[in-house]
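Trainee: Submitted below is the structure of interest, expressed as C-alpha cells.
The values are calculated or read from the model by the stated rules, or taken from the named source; none is laboratory data. Note that the structure is a prediction, hence the values are computed from the model and not measured. Note that each Cβ is placed from the backbone with ideal geometry, even for glycine, and that neighbours are counted across all protein chains shown.
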Amino acid sequence: MPMQPDEAAWGALLNACRIYSNVELGKLAAEKLLTLDLTDSGIYAILASLCANKREWGDVRTVRSMMRERRIIKTPGRSSIEVEGEFHEFLAADESHLQSKGYSIKYQIKLRSICPQKEARIKS
C-alpha cells in the first residue's frame, strides 16, 4: 500500500473481522484504531463482541477492563423513523418516547410483511 491506512481502513478491517470471526486480525485492527482514537467506544464494543463470539472470555474481560480504566462509556444505538412527515428518534432500549410502544408494533407488522421468514424471531 503506497500510503498508511487511516481510521476508515482500519475500521473496515475490524468490521470484516467481526463478520468473518477473525479474532487475531481483529485484535491488530483494534490496536491500530486505538492508537488513532482511544475514546471511540465502538472499537471496544466490536472487539469484545468478536472475542465473546469465539468464547475468549479472558480477552473480553481485558477489553471491558480497559473501558473501565479509560472511563469509556458505550454510546447507545440510535434509530429514527418518519411517521406522517414527522421524524422521531429512539435510543436503544429507550421507552421514554410517548409513542415508542405503538411505533414498535407498527415496525414489527411492517417487518413481518417484508420478511415473513423472520416473524418467529420478532419479540413483542
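Trainee: From the list S65, S49, which residue is in a helix (DSSP H, G or I), at pLDDT 90 or above and loosely packed, with under 13 Cβ neighbours inside 10 Å?
Mentor: S65
Trainee: Considering the range 31-44 alone, what residues qualify as being surrounded by fewer than 17 Cβ atoms within 10 Å (Cβ to Cβ) and part of a helix (DSSP H, G or I)?
Mentor: E31, T35, L36, S41, G42
Trainee: Scanning the range 16-26 for residues that are under 23 Å from Q4 (Cα atoms) and out of contact with any helix residue (DSSP H, G or I) (no Cβ under 7 Å at 6 or more places or on another chain), which turns out surrounded by the most Cβ atoms within 10 Å (Cβ to Cβ)?
Mentor: Looking at the filtered set, the residue picked out is N22.
Trainee: Within the range 3-12, can one find any residue that is farther than 18 Å from I73 by Cα, within 17 Å of the chain's Cα centre (by Cα) and not in a helix (DSSP H, G or I)?
Mentor: For the range 3-12, residues farther than 18 Å from I73 by Cα, within 17 Å of the chain's Cα centre (by Cα) and not in a helix (DSSP H, G or I): absent.
Trainee: Right, next: Pairs please, first residue from the range 1-29 and closer than 11 Å to I46 by Cα, second anywhere and not in a helix (DSSP H, G or I), Cβ atoms under 6 Å, 6+ apart in sequence or on different chains.
Mentor: V23/K54
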